[in-house]
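Just below is one structure, and these are the notes that go with it.
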Amino acid sequence: MSDLKFYYAPMTSADRVHWALEELGVPYEKVKLDLAAGDQRKPEYLALNPNGKVPLLVAEGKPIFEGLAILLYLGERFGVDKGLFPALNADRAEAFKWMAWGSVTLFEATTRLLRNTLERFPAEERNPKVAEGAKQDLTNGIEILDRALEGKEYLVGNQFSLADVSLVTAVPFLARFGVDLSPFANVNAWIAGCTSRPAAKRVRPG
């Protein structure tokens, strides 16, 4: 019996944790939530994740929410031995850096863009000027990522790791909202290389 229980919904930010679990090849139990039906707001789920969101990993009986926290836990518990997370040295800090950057800097600008463009938010609350600023911030962010990937296949130690997983699920998504990825050859090669891995293909459809 696995001590890992993974709560998720397909095509959400849970995809990166799902992918990480598949890469690691560790036994885990999957629990698929129907977000449209409100599974994430049921009392039994809120008792584990009071945020009412996915992903959630219950590990050794402890609920861990926030995708970044889950990926860091998986990296340290399983990833080093499996060659998917750096050992405790400067490369570990490099992995932390990119994972935090994706989850904070890139995510904040993405949220700002969606909040001011998606029709599910009232028109009077959407600000086109703020959306354009967010789009520019995202373009600047992808440029930073592109420079970091110059001459490299992967972000850390030029070896595929959970640091790549933590970012690469989100970047292609930006193109749907008007962020032009075409000028960034290094980023596009990195996306293609990462998403061609068998574990990535097993994640979709969920």
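The values are calculated or read from the model by the stated rules, or taken from the named source; none is laboratory data. Note that the structure is predicted; figures quoted are calculated from it, not measured. Here the Cβ positions follow ideal geometry from the backbone for every residue, glycine too, while neighbour counts run over all protein chains shown.
Taken as a whole, region 12-25 holds at least one residue that is farther than 16 Å from GLY67 by Cα and of a type outside the set (A, V, I, L, M). Applying the condition of being within 15 Å of the chain's Cα centre (by Cα), at negative phi and of a type in the set (A, V, I, L, M) to region 1-28 and asking which residue is surrounded by the fewest Cβ atoms within 10 Å (Cβ to Cβ) yields ALA9.
Results for (1) part of a helix (DSSP H, G or I); (2) without any contact (Cβ under 8 Å) to a residue 24 or more places away in the chain; (3) among the hydroxyl-bearing types (Ser, Thr, Tyr), shown as yes or no for each residue.
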site	(1), (2), (3)
MET11	no, no, no
ALA20	yes, no, no
ASN51	no, yes, no
VAL54	no, no, no
LEU71	yes, no, no
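Selection within region 152-171: residues that are surrounded by fewer than 17 Cβ atoms within 10 Å (Cβ to Cβ) and modelled with pLDDT of 95 or more. The member of this set that is farthest from TRP19 (Cα to Cα) is LYS152. Checking LYS152 against (1) within 30 Å of ASP81 (Cα to Cα); (2) of a type in the set (Lys, Arg); (3) within 18 Å of the chain's Cα centre (by Cα), only one condition comes out false. Which one? So LYS152 meets the others, but not (3). Entry remark, region 74-100: residues being crowded, with 17+ Cβ neighbours inside 10 Å and without any contact (Cβ under 8 Å) to a residue 24 or more places away in the chain number 1 in total.
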